[in-house]
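Working notes, beginning with the structure itself.
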Amino acid sequence: MIVMKFGGTSVGDAAAIDRVARIVEERVSYKPVVVVSAMAKMTDQLLAMGRAAGAGERGTALQLSQIARARHRNAASELLGSPTGTVHLELEALFDSLDELLCGIAAVGELTPRTTDYVLCFGERLSSRLVTAALGVHGLAATLVDARKIILTDNHHTRAVPQLEEIEDRLRAQVRPLLDRGQVPVMAGFIGATREGTTTTIGRGGSDYSAALVGAGLDAQRIEIWTDVDGMRTTDPRLCPDAHRIKEISFQEAAELAYFGAKVLHPATVLPAIQKNIPVLVLNSRNPDNEGTRITAAGTRSKNVFKAIAVKQRITIVDVVAARMLMAHGFMKCIFDIFDKHHCPVDVVSTSEVSVSLTVDSNEALPAVAADLRDLADVKYEGRKAIVCLVGENLRQTPGIAAQVFSAIADINVRMISQGASEINITFVIEEDDVPDVVRRLHAAFFAEVDPAVFE
């Protein structure tokens, strides 16, 4: 069997959903499980509804909901014809529940993380219902599976942690029998539930993670991530139009790229796949004949040193200066305990004799983090920075590469430099405004000629 995950742009309207149905139909012999994101931009719209309701702006929240209701209603009508069928009634019932929830939030005047998760879950619940119906139109025996009955998580709302072993047990008990009967299970990505049944979400972009959890739990032959681009590229084509498609890449390289900003893939996606050695394919629902990018345990050796350049923007540097305390026993642990307390992940770390510099992308938590850090040391932070990361397994065996990298951008102010513990990336921090120029120069330096076995 295979897992096919379709992102928001792949289910963005009726025409896109119909394309999804045709793609699934072509692969029905592989016994697919379909995992879907919310329609494009729907999660942002739901978040805006929740925030408006939390601020007491009931009318604004309901107006946004009405716009989303019309969008889904129109998509259903285009896909299914009659506006009075079962699917339309189910969609209307879901939106009625959403409106009731928004009114409750407005009455209380507070949007909690738990309530946020319940608001956000409607996007995937709606899209998965539409996709199930579209598959039925194409003659497939599609069955909608409530992801909240499968994806068991802890209660860390908005970033819940899946419980892998129990998810695997649930998949075998509830989804495997459907496949054995020739059904096509359809699940919402991104959402799960606690043991008590409280709805949770596993973080933005989490539909990729959901697909990987399903693939690993069912020992899939492969996991297909369907997007709106022809696989992974040597860098963001919006920054560098001559970026090349990567035909094959290793799990380790893909994980580094995803973590440091490659938006085609969610950073956590490859983790369950690595554990089960399941290939992950990144494909284009608008161009399904393209081979995309294949992610495997070993990848294909390239003549190029690097496989790609990733960029993570909107980064803040936090400087912790403590001349007397830096080398004291337990001081570094205290620093990282504070970041952990506020659920604020750290990307890059650099130390000197009297200071520790760290980069974070969670600006919401920074004031609280800084307040706690000031009990230990002097703290300052600077925003509008970016992390640039060059990734490639050949880096291990190639001397002098760091010199070539920084020679290409010799006139650029580089703030922090790090080589990952994996020894397959060089990472540094620059001003956000310098990103386009830096990426183009590095791409010209390392991808002017590419290995045709790995790039196209």
Q) How many residues does the stretch 63-120 hold that are more than 28 Å from the chain's Cα centre (by Cα) and farther than 30 Å from Val137 by Cα? A) 8
(Q) Looking at the stretch 167-185, can you tell me whether even one residue there is under 25 Å from the mean Cα position of the chain (by Cα) and under 18 Å from Ala38 (Cα atoms)? (A) yes
Q. Among the candidates Gly197, Gly189, Gly203, which residue alone is crowded, with 24+ Cβ neighbours inside 10 Å and in the same structural domain as Pro113 (by TED's automatic domain parsing)?
A. Gly189
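Here is a yes/no grid of residues against (1) in contact with a helix residue (DSSP H, G or I) (Cβ under 7 Å, 6 or more places away or on another chain); (2) aromatic (Phe, Trp, Tyr); (3) more than 19 Å from Arg286 (Cα to Cα):
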{"residue": "Glu26", "(1), (2), (3)": "no, no, no"}
{"residue": "Val35", "(1), (2), (3)": "yes, no, no"}
{"residue": "Met39", "(1), (2), (3)": "yes, no, no"}
{"residue": "Thr43", "(1), (2), (3)": "yes, no, yes"}
{"residue": "Met49", "(1), (2), (3)": "yes, no, yes"}
{"residue": "Ala52", "(1), (2), (3)": "yes, no, yes"}
{"residue": "Arg58", "(1), (2), (3)": "yes, no, yes"}
{"residue": "Ala61", "(1), (2), (3)": "yes, no, yes"}
{"residue": "Ile67", "(1), (2), (3)": "no, no, yes"}
Q) Going through the stretch 5-26 one residue at a time, which ones are hydrophobic (A, V, I, L, M, F, W, C) and in a helix (DSSP H, G or I)? A) Val11, Ala14, Ala15, Ala16, Ile17, Val20, Ala21, Ile23, Val24
Q) If you go through the stretch 1-23, how many residues are under 22 Å from the mean Cα position of the chain (by Cα) and more than 14 Å from Met42 (Cα to Cα)? A) 8
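Quick check on the stretch 93-105. Is at least one of its residues more than 23 Å from Met4 (Cβ to Cβ), modelled with pLDDT under 95 and assigned by TED's automatic domain parsing to the domain that holds Ile202?
no
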Q: Please give the strands (runs of 3 or more DSSP E) falling wholly within the stretch 352-456 in which 3 or more residues are surrounded by 17 or more Cβ atoms within 10 Å (Cβ to Cβ).
A: 355-360, 378-391, 425-431
Q. Does at least one position in the stretch 157-170 carry a residue that is within 30 Å of Thr86 (Cβ to Cβ), among the aliphatic types (A, V, I, L, M), in the same structural domain as Val28 (by TED's automatic domain parsing) and part of a helix (DSSP H, G or I)?
A. yes
Q: Report, by residue number, each residue of the stretch 194-221 that is modelled with pLDDT under 95 and among the β-branched types (Val, Ile, Thr).
A: Ile202
Q | Single condition Cys389 does not satisfy, out of (1) modelled with pLDDT under 90; (2) under 22 Å from the mean Cα position of the chain (by Cα) | A | (1)
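Can you name every one of the helices (runs of 4 or more DSSP H) wholly within the stretch 27-127 that holds 2 or more residues which are more than 25 Å from Thr153 (Cβ to Cβ) and hydrophobic (A, V, I, L, M, F, W, C)?
The helices (runs of 4 or more DSSP H) meeting that bar are 58-80, 86-108.
The values are calculated or read from the model by the stated rules, or taken from the named source; none is laboratory data. Computed from a prediction, not measured in an experiment: that's the story for all the values here. Note that we place each Cβ from the backbone using ideal geometry, even for glycine, and neighbour counts take in every protein chain shown.
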